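Structure, as structure tokens:
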Amino acid sequence: MSTTSTANTVAVNGTAVNDTATTAAARDHARAQAGTVTDSMPVLPASAWPNPPAGVAADRLTWAETVPGGRYTAKVLARGTRLRLRDLDGAACANLLLYRADATHERLNVADTVKVPWQAYLGTGHPLLSDAGRVLATVVADTSGRHDAFCGTTSLAANTAKYGEGSAHSGAPAGRELLTLAAAKHGLTARDLPPVLTFFHGVRVESDGALTSVGTAGAGTELELLVHLPVIVLIANTAHPLDPAPTYPTTSLEVLAWAAPEDLDALVSGAGSGDDPEYQRAVLNTEDAAAAAAPQFGKDAK
């Protein structure tokens, strides 16, 4: 059998067939895609990202990705990593979970994240606490101010009722469906999904206890987290449960991360000088765990 191929077709014994009908043609077709970059894939290596944050050398980037609406992403980040989320077009909604990478039973606890700092509305300086009283990350910059620690993420049933569909591969995927896929890539199951924090779509509590959506702060707003312990990060960019839009509204989310151990050193060293004893205690708990796990996860492993 003789086989020749072109960019679109392959000839088998003189007969033109689909360009992926043979193994050789499928290989040629696949290799022709090399170097193609879309808005739904990570940039590899991250240092190839065209616009690093101001003052950050490209070779410090460890994660660079654009997550379209209705998609998810996940990554393991080291202690001392700075993570920036950016709402590119004004309707991103980042549903975020954190797990301690070296002990996945320890994970983000939204109730403690609200209760311990005596503050339900997230902003700069707010710790993201685990269920063991440790700081997994701290919010260190925020130009949005529209976030939510009350409502959690969407479900298949709720999205189906609202949009007519809600499965992971539908046009209106629910947050829980997407996070289940993200979790599976790190050996976690749906039973391991606690309530999420939501960034870039705000909610306020009314005087009668009702929860009201206040929407987003518009395109280009950013939030930055500083990671205190090695974490698995799960993000689903999906519509907020209280989003009033009748159709699935979510737009792209930019995710960048870079090594910033000096920022963590400064944050930790300054934690004892404030008037927030709850945060100070949580930082001490965290530093104790980091030191005990050294050198793999301690201060010397930056």
Restricting the search to the range 206-228, which residues are in contact with a Phe, Trp or Tyr (Cβ under 7 Å, 6 or more places away or on another chain) and aliphatic (A, V, I, L, M)? Leu211, Leu223
Is it the case that some residue within the range 112-124 is in a loop (DSSP other than H, G, I, E, B) and among the charged types (D, E, K, R)? no
In the range 55-77, anything β-branched (Val, Ile, Thr) and out of contact with any helix residue (DSSP H, G or I) (no Cβ under 6 Å at 6 or more places or on another chain) is listed as Val56, Thr66, Val67, Thr73, Val76
Looking for whichever is surrounded by fewer than 24 Cβ atoms within 10 Å (Cβ to Cβ), of a type outside the set (Lys, Arg) and in contact with a helix residue (DSSP H, G or I) (Cβ under 7 Å, 6 or more places away or on another chain) here; the options are Ala259, Ala266, Ala236, Ala219. Which one fits? Ala259
Output the residues belonging to the range 17-47 that are among the aliphatic types (A, V, I, L, M) and modelled with pLDDT under 95. Val17, Ala21, Ala24, Ala25, Ala26, Ala30, Ala32, Ala34, Val37, Met41, Val43, Leu44
(1) modelled with pLDDT under 95; (2) surrounded by 11 or more Cβ atoms within 10 Å (Cβ to Cβ): which one isn't true of Asp300, the others all being true? (2)
Kindly indicate whether His201 is modelled with pLDDT of 95 or more and in contact with a Cys (Cβ under 7 Å, 6 or more places away or on another chain). yes
Which is over 22 Å from Ala46 (Cα atoms), of a type outside the set (S, T, N, Q) and open to solvent by less than 20 Å² (accessible area, probe 1.4 Å), of Leu85, Leu108? Leu108
Please find, among Ala271, Ala289, Ala282, the residue that is surrounded by 15 or more Cβ atoms within 10 Å (Cβ to Cβ), without any contact (Cβ under 8 Å) to a residue 60 or more places away in the chain and part of a helix (DSSP H, G or I). Ala271
Inside the range 182-255, counting only strands (runs of 3 or more DSSP E) that do not spill past its ends, which hold 3 or more residues that are closer than 21 Å to Ala92 by Cα and of a type outside the set (D, E, K, R)? 197-199, 211-215, 222-227, 231-237
Could you list, ordered by first residue, the pairs with Cβ atoms under 6 Å in which the first is in the range 67-90 and over 22 Å from Gly220 (Cβ atoms) and the second is modelled with pLDDT under 95 and open to solvent by 50 Å² or more (accessible area, probe 1.4 Å), at least 6 apart or interchain? Gly80/Lys302
For the range 155-176, which positions are part of a helix (DSSP H, G or I) and open to solvent by 60 Å² or more (accessible area, probe 1.4 Å)? Leu156, Ala157, Thr160, Ala161, Lys162, Arg176
Could you look through the range 187-204, keep only residues that are of a type outside the set (Ser, Thr, Tyr) and open to solvent by 60 Å² or more (accessible area, probe 1.4 Å), and pick out the one that is nearest to Ala103 (Cα to Cα)? Gly187
Restricting the first residue to the range 157-186 and requiring it to be over 24 Å from Leu98 (Cα atoms) and aromatic (Phe, Trp, Tyr), which pairs with a second residue that is open to solvent by less than 60 Å² (accessible area, probe 1.4 Å) and modelled with pLDDT of 95 or more meet a Cβ separation below 6 Å and a spacing of at least six or different chains? Tyr163/Ala172; Tyr163/Tyr248
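The values are calculated or read from the model by the stated rules, or taken from the named source; none is laboratory data. Remember, predicted model here, so these are calculated numbers, not experimental data. Here Cβ is always computed from backbone atoms with ideal geometry, including for glycine, and neighbour counts include all displayed protein chains. Note: accessible area is taken over every heavy atom of the protein model, side chains too, but ligands, DNA and RNA are not part of it. Shrake-Rupley method; radii C 1.70, N 1.55, O 1.52, S 1.80 Å.
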